[in-house]
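S.K.: If you scroll down you'll find the structure; I have some questions about it.
Please treat every number below as a calculation from the coordinates, not as lab data. Small disclaimer: the values here were computed from a predicted structure and weren't measured. Backbone-built Cβ (ideal geometry, glycine too); neighbour counts: all protein chains shown.
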Amino acid sequence: MRRLAARGCTFVVERGAGQASGYDDASYEEAGAALVDPSSEQWSQADVVLAVQGSDLAQQRSELASLKPGALLLGLLEPHGNDALKQRFEAGRVTALALELLPRISRAQSMDVLSSQANIAGYKAVLLASAALDRYVPMLMTAAGTIQPARALILGAGVAGLQALATARRLGAVAYVSDVRPAAKEQVESLGGRFIDPPELDQKPGEAGGYAKQATEAFLAEQRRQLTEQLALADMVICTAQVPGKKAPRLIDDAMLQHMRPGSVVVDLAVAQGGNCEGTVPGQTVFRHGVQLVAGDGLPCSVANHASALYSRNIAALLELLLNTTAEGASSVNLDLDDEIVSGCLFSHNAPESAGGAA
Ligand code: NAD
């Protein structure tokens, strides 16, 4: 807020907005915001609305209907297939930016919410797995004998997977990592992980903009066959493999779980997208064949203070790009649709004219 106030923005914050992440109302007031109760009147006056999880706005916030035409809303909007929300915005002539659609380019790194939150998820997943595991993680030499280090298997070497690898290594685990993008190999090895090359099949999934494309069922079947042996040796498995906008690839099935050591742990970060592992249930921990399956949905919320701090810095960086500030200190939003950052995350655009400068 202080960063954006320096650019001429004024703020109203809903009372209690930061409570769950350790920021009390007084700290917003100190930073210059006016505290308000949620109301349609406040929403109708806003030029910009900054949301966190915006996907359920259409159902849960009647205030959405009060936004003025040309207002800008930004947040994590789960844009893939969220036609109901898009239609609501278009009907109200609201411009919305979905942060999930931000292009993964160097210039946008400071705005990259998916990265800041995935980093947290990868870190916390390993802590959860370590806490649930019935073994030590590091190698220990004790008077009672030597303990071998735990073996971690990480599926997917994107932002969450690489952070999971780094965290597992810091705890002393030996880590194996599978990904289908060739570029991931070098990144994995530079963090001390051992890369599992994807199956050598003609129909290997391609890559677009740094993301893996969806694999064919034949490829996934071969990948599962390859991973069965790795799973049998693993103490903890961290599942992070995803394809944007698609169901998560199924990399572990029930038969593979039967080959795992009872007492081992699987944390599935892809559970909300259907799961990399059969049997994981959103929001729950369940046991199958003695293996603990931990749902890894919403993990950034469990590190809420830092998740919030990083999210706000991402948002501030994006808004700084969008704001035009005059010499007199007045600011307005200027959406440059030729900028790939703006056009990339544009979810709906119906502004009849540019919006002004209060959030
Ligand atoms: P993601 O969450 O969409 O997917 C996670 C990982 O799962 C990816 O590495 C993907 O290749 C992998 N995956 C997909 N199908 C798989 C399968 N069948 N088996 C194993 N792994 C599979 O990805 P992400 O973490 O959002 O990162 C996507 C890319 O963006 C990465 O290349 C990352 O380095 C890059 N990135 C770039 C920037 C930047 O330059 N600004 C910022 C962040 C991320």
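S.K.: Any idea what angle helix 217-233 forms with the longest principal axis of the chain, computed on alpha-carbon atoms, 0 to 90 degrees, nearest 10?
M.R.: Its long axis makes an angle of about 60 degrees.
S.K.: In addition: How far apart, in nm, are two points set 7 Å out from the Cα along the Cα-to-Cβ line at ARG7 and at ASP56?
M.R.: Here the modelled spin labels are 3.0 nm apart.
S.K.: Further question on the same structure: Anyone know which of ALA317, ALA121, ALA131 comes out most mobile in the 10 Å Cα GNM of the chain?
M.R.: Fluctuation is largest for ALA131.
S.K.: Net charge near VAL52: determine it from the other residues with C-beta under 13 Å of the C-beta of VAL52, scoring Lys and Arg +1 and Asp and Glu -1.
M.R.: -3
S.K.: Additional query: Once Lys and Arg get +1 and Asp and Glu get -1 on their Cβ, which of ALA91, GLN53, LEU67 lies farthest toward the positive end of the dipole of segment 36-103?
M.R.: ALA91
S.K.: Another question, if that's okay. GNM on the chain, C-alpha springs below 10 Å: top fluctuator among GLY75, GLY145, GLY298?
M.R.: GLY145
S.K.: At HIS289 and ASN324, where each label point lies 7 Å from the Cα along Cα→Cβ, what is the point-to-point distance in nanometres?
M.R.: Distance between label points: 6.2 nm.
S.K.: At what distance in nm do the modelled label points of ASN334 and ALA26 sit from each other, each positioned 7 Å from its Cα along Cα→Cβ?
M.R.: 4.1 nm
S.K.: Using only Cα atoms and rounding to the nearest 10 degrees, what angle (0 to 90) does helix 113-132 make with the longest principal axis of the chain?
M.R.: Rounded to the nearest ten degrees, it is 40.
S.K.: LYS213: which aspartates and glutamates have alpha carbons under 19 Å from its alpha carbon, excluding same-chain residues fewer than 8 sequence positions away?
M.R.: Counting by Cα, and skipping residues close in sequence, LYS213 has these aspartates and glutamates nearby: GLU78, GLU100, ASP179, ASP197, GLU200, ASP202, GLU222.
S.K.: Strictly greater than 26 Å: what percent of every Cα pair in the chain meets that?
M.R.: Values: 35070 of 64261 pairs.
For the chain, the fraction of Cα-Cα distances above 26 Å is 55 percent.
S.K.: On to the next question. What is the angle, in °, between the Cα long axis of helix 159-170 and the longest principal axis of the Cα atoms in the chain? Nearest 10 is fine, range 0 to 90.
M.R.: 50 degrees
S.K.: Still on this structure: State, to one decimal in nm², a quarter of the convex hull surface area for the C-alpha atoms of segment 80-233, i.e. the direction-averaged projected area.
M.R.: Working: hull surface 49.8 nm².
With every direction weighted equally, the projected area is 12.5 nm².
S.K.: Additional query: Which residues make up the longest stretch of the chain clear of GluC sites (Glu not before Pro) that lie in a DSSP loop with no more than 10 other Cβ atoms within 10 Å, not counting the sites?
M.R.: Details: sites that count: GLU200, GLU328, GLU353.
By the stated rule (loop sites, at most 10 other Cβ atoms within 10 Å), 1-199.
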